[in-house]
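Have a look at the structure below before the remarks.
Each value in this text was obtained by applying a stated rule to the coordinates, not by laboratory testing. Nothing here was measured: the structure is a model prediction, and the numbers come from that model. Using ideal geometry, Cβ is built from the backbone for each residue, glycine included, and neighbour counts are taken over all protein chains shown.
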Amino acid sequence: MPRLANGLPDAGAYEYQADNAYYLCSLPQYSLQFFGNGTNQADRVKFTIDPPSNADVALDFTAECWLKTNDTDNNGTVAAQNNADGWITGYIVLDRDVYGSGDYGDYGIAIGHTAGIPANHRVVAFGVDRLGNGRTIVGATNIADNQWHHIAVTRNSTTGQLRIFVDGQPDAQGIGPTGDISYRNNRSTAYPLSDPFLVIGAEKHDAGTEYPSFSGLIDELRISGNERYTAAFTTPAFPFTPDANTLLLCHFDEGAGQLANDEAGLPGQPVNGHLNLGGSPAGPIWNADNPFYTPINPVITASETQTCTGITVTYSVQAIPGSAYQWSVTGSYTLIAGGSTTDAFITLQWTSAGEGVVNIVQTVP
């Protein structure tokens, strides 16, 4: 008689994510909402990069996050050009600038309008500079449609190759400077409140209205010390988990307080971000809107309370319109019916004695 480990009738057996034991989603998840205030060091998240921290990339890197915004709140312009300044007049999403010539280098990500696109479209710009030699590339995909979009930028420090990806698809590429673009450790600066920081959601120096700050939602920020993507890829369906290349990882799921926790899990102190609140309306704020399905806790029920070899059993969970179902079964069995991503049930015939496991990942839109 098979023994149904983890999948006993009415036992509430479930997995949030079959291949990802590290991340068990809490309910609800959150994102951060910014209002584009861009003054007095307000409405932004700041991560220290000097004293030196893992968030200060030097060579190959990938920076990625999810964005949700509209065109009316982000009217800046961006331009593809043979210097690193074409991004900084857009609405700034991520700013690792250095005031003046980069020392050793700097980079940034912004969104904005550019020549040749419809008036209500906004695209991604990515610029990198090393000691005054830089390049800005600009994408072509509109992201200002009030929908969540996955944004990734990559840099190869040997070739200088820069890339932008939107929702897993290549959106722009170009050749920028090679070599080390880190923030030089312990450098002197006349701007101690802005220079030695990585800033999310704002132009870090508050240099003027011509350098506007982002208005919209940001979630799931990850910075990696490698070039993760060189071709089209499938966008993540779940929040990231740390790996050997993860330097900074923020889920923005705290939901309260002024700390964005770094979940990279590297040795030493995490590079937690500080929410600098302010402006009108005051931002950033925690928002329950997020790009991921909300995992629920499905209870598996079985049509038979006593399961023997040769018996046909239907296992089911509550059907919720729009749900996706990921059934996983181990043991010796024959699939009779169900079990697809649209089925809230699976019907099996157990074919030999031993241990059997029935698990389900159910997500709702």
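Which whole-Hz ³J(HN,Hα) couplings does segment 162-172 yield from phi under the Karplus relation 6.51 cos²θ - 1.76 cosθ + 1.60, θ = phi - 60°, glycine and proline marked x?
Working through the residues one at a time gives 10, 9, 10, 10, 10, 6, x, 9, x, 10, 6 Hz.
Can you sort C65, C250, C308 from fewest to most other Cβ atoms within 10 Å of each residue's own Cβ?
C308, C65, C250
Tally the DSSP beta bridges in the chain and give the antiparallel ones as a percent, rounded to 5.
Bridges in the chain are about 95 percent antiparallel.
Compute the separation of the alpha-carbon centres of segment 299-365 and segment 104-154 and state it in Å as a whole number.
46 Å
Within 10 Å, count the other beta carbons around each residue, average over each peptide in 230-241, 350-361, and list them highest first.
350-361, 230-241
Can you list the residues of segment 174-218 with backbone N under 19 Å from a point 7 Å past the Cα of N82, pointing along Cα to Cβ?
174-179
Over its Cα atoms, what ratio of radius of gyration to 2.2 N^0.38 Å does the chain give?
1.15
Sort 143-150, 108-115 by packing, meaning the average of other beta carbons within 10 Å per residue, with the highest value first.
So the order, starting with the most tightly packed, is 108-115, 143-150.
What does the extension gain come out to for T209 and S328, with contour length at 0.36 nm per residue minus their alpha carbon separation?
Result for the pair: 37.4 nm of gain on full extension.
How much length, in nm to one decimal, is gained on full extension between T159 and L131, taken as 0.36 nm per residue of separation minus their Cα-Cα distance?
8.4 nm
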